[in-house]
1. Restricting the first residue to the range 190-207 and requiring it to be closer than 24 Å to Trp225 by Cβ, which pairs with a second residue that is of a type in the set (Phe, Trp, Tyr) meet a Cβ separation below 9 Å and a spacing of at least six or different chains?
2. Within the range 210-246, how many residues turn out to be over 20 Å from Phe172 (Cα atoms) and in contact with a Ser or Thr (Cβ under 8 Å, 6 or more places away or on another chain)?
3. For the range 106-140, give me each residue that is of a type in the set (Ser, Thr, Tyr) and either out of contact with any helix residue (DSSP H, G or I) (no Cβ under 7 Å at 6 or more places or on another chain) or under 25 Å from Pro174 (Cα atoms) (or both).
4. Has the range 8-23 got any residue that is touching a helix residue (DSSP H, G or I) at 6+ places or on another chain (Cβ under 7 Å), on the phi < 0 side of the Ramachandran plot and of a type in the set (Gly, Ala, Ser)?
5. Examine the range 159-169 for a residue that is over 14 Å from Ala85 (Cβ atoms), within 25 Å of the chain's Cα centre (by Cα) and modelled with pLDDT of 90 or more, and state whether such a residue exists.
6. Just to be sure, is Ile23 under 23 Å from Tyr157 (Cβ atoms) and either of a type in the set (D, E, K, R) or assigned to a helix (DSSP H, G or I) (or both)?
7. Could you check how many residues of the range 149-165 are out of contact with any Pro (no Cβ under 9 Å at 6 or more places or on another chain), buried (at least 21 other Cβ atoms within 10 Å of the Cβ) and in a loop (DSSP other than H, G, I, E, B)?
8. Quick one: which residue in Leu130, Leu112 is closer than 19 Å to Glu22 by Cα and in contact with a Gly (Cβ under 6 Å, 6 or more places away or on another chain)?
Amino acid sequence: MVLIVVVTLRDFFRNPLAQWREIVDACWTVARRCTVPLAVSVFVLGFGALGVEAGVVLDAVGSPDRTGGVYVTAAVREIATWVTAMVVAGVAGTAITADLGARKIREELDALQVLGVKPTRLVIPWAMALTLMTPLLLLVAIASCIVSGFFAVLLLYNTTIPGFVETFKANFYPPELLSSLVKTAIFGIIIAIVCCYKGMNAKGGPQGVGRAVNQAVVISFAALWIVNYAITSIVLVLFPELHGLR
């Protein structure tokens, strides 16, 4: 996987605009396949886990308007970030692995090498697409989570949207959003490299492709958990003001 990263970066920076059409097509494919599932997933999770569960606790202590602060911490820092990574890995990542795996068992990758075409030509568009689109999809996820908060405070508690917005603004801190964008970009790189590697090394016929897809998702999720924990810990150390609600 490290070798794929090095070779892909080398080939990309030799001529960054050589595959811009393929990169744009890959970005559109990722956006088209992931946007709706991501928005729905984050809305449901935000309404249930944050709006209902956290809102009940805050309502019990007489501060349902503080729900906006909870949404900042949970949505921007964790829920939107993690769900974005899971949807991208589960939707786009599996498609990448299946596509490259099918090419591998049909010996198309070997034929390309015989013709002098490097396999990284298939990796670069997907790697760039996931690196660019995952942070943009994070913004969609955050917006969907905030909308779920609007529905929660309107339907479940005796509070108003302006109160929700004010506590959200009071707890919002730009470095937290920036760190989440950087984190999801790293997630996109990890998903692309893992899925491309497993797809390009699939073997054993159609069953082997299925195993490669399963392994790619499991490895991606495990790596994402580790990276998410590490980056979040570093951010909290660098910005102590992110601890607790304001």
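1. Ala192/Trp126; Cys195/Trp126; Cys196/Trp126
2. Of the residues in the range 210-246, 4 are over 20 Å from Phe172 (Cα atoms) and in contact with a Ser or Thr (Cβ under 8 Å, 6 or more places away or on another chain).
3. Here is the first cut: in the range 106-140, the ones of a type in the set (Ser, Thr, Tyr) are 120, 131, 134.
Correct list: Thr131, Thr134.
4. no
5. So far as the range 159-169 goes, no, none of its residues is over 14 Å from Ala85 (Cβ atoms), within 25 Å of the chain's Cα centre (by Cα) and modelled with pLDDT of 90 or more.
6. no
7. 0
8. After applying the criteria, what remains is Leu130.
The values are calculated or read from the model by the stated rules, or taken from the named source; none is laboratory data. Quick caveat: nothing in here was measured; it's all calculated off a predicted structure. Neighbour counts run over all protein chains shown; Cβ positions are idealised from the backbone, glycine included.
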